[in-house]
Amino acid sequence: MQVIATAGHVDHGKSTLIRALTGIEPDRLAEERQRGLTIDLGFAWTSLPSGREVSFVDVPGHERFLGNMLAGLGPAPIVCFVIAADEGWQAQSGDHRDAIAALGIDQGLIVVTRADLAPDRVEDVIAQARTELAGTGLATAPAVGVSAVTGQGLEELRTLLDAAVAGARAPSPTQRVRLWVDRAFSISGAGTIVTGTLPAGTLHREDRLQLSGAQRDGEVVVRGLQSRGGQIPQLGPVSRAAVNLRGVGTEEIGRGDALLSPGAWHRTALVDVRRSTGAGFADAPAELIVHVGTAAVSARVRPLGEDHARLTLARALPLSVGDRMVLRGSGRHSVRTGVQVLDVDPPALDRRGDGARRRELLASMPPGGDVALEVARRGAVPAGVLQRFGIPVPEQLPAGVSRFGDWLVDGGALERWTTRLGELVAADRRADALSAGVPRKAAIDALALPDDGLLDTVVAAAASLALADGRVRDAAAPVGLGAAEPAVAELEQRLQQRPFGAPEADDLSALRLGAKELAAAAKQGRLLRLADGVVLLPSAPALAMRELSRLPQPFTTSAARQALGTTRRVAIPLLEHLDARGWTRRTDAGHREIVR
C-alpha cells in the first residue's frame, strides 16, 4: 500500500488525471464540480499493474488554497508533479515545488498532462520541469507525457507509478502512530469518522489512542477502520485511513489534529529549527504561519542567526526531532521558508548571551538529534524521553554516556555529583563529628538530581561514600559515635541488665553524655529518649508491654511502676510513650489498659 499526492499549477489537469487513473471523482464538493476548480483535498484509489494498491490525495492548485494544498502534501511520502504541456511551468508550479523542497519529499514522478494539445512540447516541458526542480528530490524523477482525454501514456504512467511504489521507502508497521487528521464528519449510526494518511505504525479496532487537538485532548477509541472503501480489522502503512472513533464528537476534532500512540509523543509549543530551503531568518517577520502534517498554526519567531530560529507555536503539537515544516507569511500565498526541527524541548534563553550561545550550538547539531548532547545538557534523562523526542537511543551508547536502569547519565555530570556529594559529607562530618551522615533527601536536594533513585548511582560511583539507613556517610569513617562510643556502649550494657533503670542526670554527666551525644545515639537507633530526660533502649517499650499485659486490666500507674521495677520518674514518660504509640490508652484519670 502507498499514498501519492498530486502537485502543480491550477487547471493543469490534476483532478482529471486522477479521475482517468482511478475512475473516482476526486472533487467532493458541489462547488468544485460547478466551478471546475479544486478547492479542498480530494481522495481516490486504484490497483496498479502488479496488483499493488495505491491511494491518491488530490490537492488544489490555486494560490488561495495553499493551506489546503500543504495539508494534503505534508503527510504524503510520494508526489505526482503535474505540468500541462500546452502551458508549461507556471506560478503555482513554483509554489508547489517550494513546498515539496521544504517538506523534503524526494520520491515521485513528473507527469506532463494534456499531451494531445501540444504533443511537440512534451519533451521541452519535461526539460523545463527538471530545470525548475533542480535542487529538489524530484529533479531526476521519472517523467511521462499523458492525455486523460485520449488515454495516451496512461499505461506507461501506471507502470511508472508501480515502480515508484515498489521502490519507495518502507516504513515500519511497529513504529508509533501519528495520524494527522485532514477530515472529520459523522455518519448516522456510526458516529464520528476522521480521515488521514497513516505514514507509519499500525491501527487496530479497539485501539486506544491519544487525541492531540485544538479543541480537546484525551483518549479516544477506534471503533472501526476503513480504507479504499472497505471495512478492515487493522491497517498498516502507508495508507489512507478512515477511522471511526468512540469518545469524541465531530465538533471536537478536525483538520490539524492528530491521533497518537498513547505516551509515545512529546507535545510542545516551543521548537528550535534549522532552515533547509527558502529565505533566511535575519529579516523574518515577528510571526509566521507554520504548516506541519495537516496543521497550520501561527508562531512567534525569534531568529538565532540566518539559518536558525526559535518558534513559539500558538498551541502545542506532537512534534519530533527531524520533522519538516513549511513557513509562510500571514496572508501570503507562497512558501517563505522550509525548516527542519532540531529540538522539541529547547532550554530557556533568559540570560544575557544565551541567544548567541544557542546559535553556535544549533549550528553544530546533527539533524536527527545527538544522544550525547541531549544527555549532557540535562545531566541525566530517561531513554524513553529521548525516544518520545524522536531521538533514537542506540544499544551501543556514545562515549561519556552510561545507562543505569531506564536512565542515561552523562559522565561529566556524574563526576560533578560525586564530587559535590563528597564535599557535603565532609562538611557534615566537620560540623558534627557524631553525625550518622547526610540524610538521603538532603543529599538529593543539594545535588538537584532529576530523580531520587539516581542518588544510589552517585554513591556507587563514589568509592569513598556509603549509603546506609537513609544516610550518606564517609565509607572510611568508623561506624559509631566517635569519642562518645565507649560511654554509649557502657550505657547500653547497663540497660540490657536493667531495661527500665534509666540513668539519672548525674550518671549521664559522669559518662560525659550530653544532649548532643544522646541525640546522635538516638538518631542511630542506639538509644530511646523520652520526656523529662529519661533514656532507655529502643527495645524498652516492647519489653514493657510484655510485663503490662500480665496485669489485671485496667491498671494503675503504681501497678505499672511495680511491674516494671522502676521509679515514677521513668514509669510516667514510658506510659505516655505507649499511649502515643497506641499500645495503651487511658480509661479514666488513674487507669490505663492494653489496646488489643
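The values are calculated or read from the model by the stated rules, or taken from the named source; none is laboratory data. Small disclaimer: the values here were computed from a predicted structure and weren't measured. Cβ: placed from backbone, ideal geometry, glycine included. Neighbour counts: every protein chain shown. What goes into the accessible areas is simple: the full protein's heavy atoms, side chains included, and nothing from ligands, DNA or RNA. Shrake-Rupley method; radii C 1.70, N 1.55, O 1.52, S 1.80 Å.
Please verify whether region 203-211 includes one or more residues that are in contact (Cβ under 8 Å) with a residue 60 or more places away in the chain and buried (at least 20 other Cβ atoms within 10 Å of the Cβ). The answer is no; no qualifying residue exists. Let me spell it out: the conditions are (1) under 25 Å from Asp323 (Cα atoms); (2) modelled with pLDDT under 95, and Pro233 meets all of them except one. Which number is the exception? Of (1) under 25 Å from Asp323 (Cα atoms); (2) modelled with pLDDT under 95, only one is false for Pro233: (1).
The sole residue among Arg28, Arg19, Arg33 that is modelled with pLDDT under 90, assigned to a helix (DSSP H, G or I) and more than 32 Å from the chain's Cα centre (by Cα) is Arg33. Residue by residue through region 348-383, note down the ones that are farther than 20 Å from Gly412 by Cβ and touching a Gly at 6+ places or on another chain (Cβ under 7 Å). Once the filter is applied, which keeps residues that are farther than 20 Å from Gly412 by Cβ and touching a Gly at 6+ places or on another chain (Cβ under 7 Å), region 348-383 yields Leu349, Arg359, Pro367, Gly368. Within region 445-491, which residues are of a type in the set (Gly, Ala, Ser), open to solvent by less than 20 Å² (accessible area, probe 1.4 Å) and either in contact with a strand residue (DSSP E or B) (Cβ under 8 Å, 6 or more places away or on another chain) or under 14 Å from Leu421 (Cα atoms) (or both)? Within region 445-491, Ala462 is the sole residue that qualifies. Per the listing Val335, Val381, Val341, the residue uniquely in contact with a helix residue (DSSP H, G or I) (Cβ under 7 Å, 6 or more places away or on another chain), within 23 Å of Gln175 (Cβ to Cβ) and aliphatic (A, V, I, L, M) is Val381.
Tell me which residues, restricted to region 180-209, are of a type in the set (Asp, Glu) and out of contact with any helix residue (DSSP H, G or I) (no Cβ under 9 Å at 6 or more places or on another chain). Within region 180-209, Glu206, Asp207 meet the criteria.
Taking the criterion of being within 22 Å of the chain's Cα centre (by Cα) and either more than 18 Å from Leu270 (Cα to Cα) or assigned to a strand (DSSP E or B) (or both), the only residue of region 345-366 that qualifies is Pro366.
Among the conditions (1) modelled with pLDDT of 95 or more; (2) open to solvent by 10 Å² or more (accessible area, probe 1.4 Å); (3) hydrophobic (A, V, I, L, M, F, W, C), the only one that Val273 does not satisfy is (2).
Residues considered: Val177, Val165, Val146. Of these, the only one that is in contact (Cβ under 8 Å) with a residue 12 or more places away in the chain, touching a Leu at 6+ places or on another chain (Cβ under 6 Å) and either of a type in the set (S, T, N, Q) or on the phi < 0 side of the Ramachandran plot (or both) is Val146.
When region 524-538 is limited to residues that are among the aliphatic types (A, V, I, L, M) and closer than 15 Å to Ala580 by Cβ, the one that is surrounded by the fewest Cβ atoms within 10 Å (Cβ to Cβ) turns out to be Ala531.
How about region 367-408: which of its residues are more than 12 Å from the chain's Cα centre (by Cα), small (Gly, Ala, Ser), at negative phi and open to solvent by less than 60 Å² (accessible area, probe 1.4 Å)? Within region 367-408, Gly368, Ala372, Ala376, Ala380, Ser402 meet the criteria.
Filter the strands (runs of 3 or more DSSP E) completely within region 242-344 down to those with at least 1 residues that are closer than 30 Å to Gln231 by Cβ.
Strands (runs of 3 or more DSSP E) meeting the threshold: 258-260, 295-303, 308-319.
Among the residues of region 543-596, those that are assigned to a loop (DSSP other than H, G, I, E, B), out of contact with any Asp or Glu (no Cβ under 8 Å at 6 or more places or on another chain) and not aliphatic (A, V, I, L, M) comprise Ser549, Arg550, Pro552, Gly565, Thr566, Thr567, Arg581, Gly582, Trp583, Gly590, Arg596.
I'd like to check something: does region 348-361 contain any residue that is touching a residue at least 12 places away in the same chain (Cβ under 8 Å), in contact with a strand residue (DSSP E or B) (Cβ under 6 Å, 6 or more places away or on another chain) and open to solvent by less than 20 Å² (accessible area, probe 1.4 Å)? No, that holds for no residue. Quick one: is Ala102 within 30 Å of Val297 (Cα to Cα), without any contact (Cβ under 8 Å) to a residue 24 or more places away in the chain and of a type outside the set (Ser, Thr, Tyr)? So Ala102 fails the test.
Among the basic types (Lys, Arg) and either open to solvent by less than 50 Å² (accessible area, probe 1.4 Å) or modelled with pLDDT of 90 or more (or both): is that true of Arg228 in this structure? When the stated conditions are applied, Arg228 does not pass them.
Does Arg97 fit the bill of being crowded, with 22+ Cβ neighbours inside 10 Å, on the phi > 0 side of the Ramachandran plot and modelled with pLDDT under 95? It is false that Arg97 is crowded, with 22+ Cβ neighbours inside 10 Å, on the phi > 0 side of the Ramachandran plot and modelled with pLDDT under 95. Output the residue which, of all residues in region 129-142 that are in contact (Cβ under 8 Å) with a residue 12 or more places away in the chain and open to solvent by 30 Å² or more (accessible area, probe 1.4 Å), is farthest from Ile100 (Cα to Cα). Per the criteria, the residue is Pro142.
Report whether or not Leu508 is outside any loop (DSSP other than H, G, I, E, B), at pLDDT 85 or above and not polar (S, T, N, Q).
The answer is yes for Leu508.
Conditions tested, residue by residue: (1) surrounded by 19 or more Cβ atoms within 10 Å (Cβ to Cβ); (2) closer than 25 Å to Asp579 by Cα.
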position: Gln493; (1), (2): no, no
position: Arg498; (1), (2): no, yes
position: Ala510; (1), (2): no, no
position: Ala540; (1), (2): yes, yes
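Does Pro439 satisfy the condition of being without any contact (Cβ under 8 Å) to a residue 40 or more places away in the chain, surrounded by fewer than 20 Cβ atoms within 10 Å (Cβ to Cβ), under 34 Å from the mean Cα position of the chain (by Cα) and over 25 Å from Asp410 (Cβ atoms)? Here the answer is yes, as Pro439 does meet what is asked. Residues of region 181-202 that are within 16 Å of Ile253 (Cα to Cα) and open to solvent by 50 Å² or more (accessible area, probe 1.4 Å): Arg183, Phe185, Ser186, Ile187.
Ala316 passes every criterion in (1) over 30 Å from Gln2 (Cβ atoms); (2) open to solvent by 20 Å² or more (accessible area, probe 1.4 Å); (3) at pLDDT below 95 apart from (3).
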